[in-house]
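Every number in this text was worked out from the coordinates using simple rules, so none of it is lab data. Just so it is clear, the structure is predicted and the values come from calculations on it, not from any experiment. FYI the Cβ positions are ideal-geometry reconstructions off the backbone, even for glycines, and counts take in every protein chain you see.
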Amino acid sequence: MTKKEEKQETKTIHEAFVDAQKGFGKALKTSSNPHFRSKYADLGACVEAVIDALHEQGFALIQLTKPSDLGWVTVQTELLFHTGERLYLGELSIPVTKQDAQGYGSALTYCRRYSLMSALGIAPEDDDGNQASAGKQVPTPKPRKAVKTYYDVSKLSEDQLTPSVKYLESNGAKEVKEGLYLSPIRLEKLQSLITEEPADGI
């Protein structure tokens, strides 16, 4: 056994993760989004930013998918350590806006990318060292009108309706008329059902 292997063998899983994070690189914005005329760090760039440092410290990256009854994709991110231990790094769910294979594939890739960045503490960086932002003034956002967040469950199928209503009520939402719930908070899990109206009401 080499000195490097001996040192790795004595590390705890948490010590090894800290050392791996020290070696993470930048997730470079190398892909283009023509719709928004912007660049972004795709899934490959995010994996490339961390995978060598993870392997160096004895980790394998695992991203598991979980089924959903509400048309969502869920990704669970974990690290498998060389000792057999696992480091659970949480999960992320997002809605599928287009209910076909392409829609699910796109949502899954998006979910994996953001789950990975959030779990490992990396952020996308411009490949030119953020020079594009130098000297630019950031416009002041206009204040948003006060709104109430409503959830319209009237078009859900029978098997989707019960878990959705249960989730809404468990988070303090109240039915204001048949099939329409008013929530005190914005529930991202039911994003696709949101309809916002001015605060003076529906």
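Between ILE122 and any residue 5 or more places off or on another chain, the built amide H atoms are never under 5 Å apart. With a threshold of 19 Å on the Cα-Cα distance, the over-threshold entries among LYS155/LYS177; LYS66/LYS155; LYS98/LYS148; LYS166/LYS189 are LYS66/LYS155; LYS98/LYS148. Computed from the C-beta positions of LYS174 and THR10, the FRET efficiency with R₀ = 45 Å rounds to 0.20. Label sites at LYS148 and GLN99, each approximated as a point 7 angstrom past Cα along Cα to Cβ, lie 2.9 nm apart. Per-residue extension of 0.36 nm, minus the Cα-Cα distance of VAL47 and LYS155, leaves a gain of 35.0 nm for this segment.
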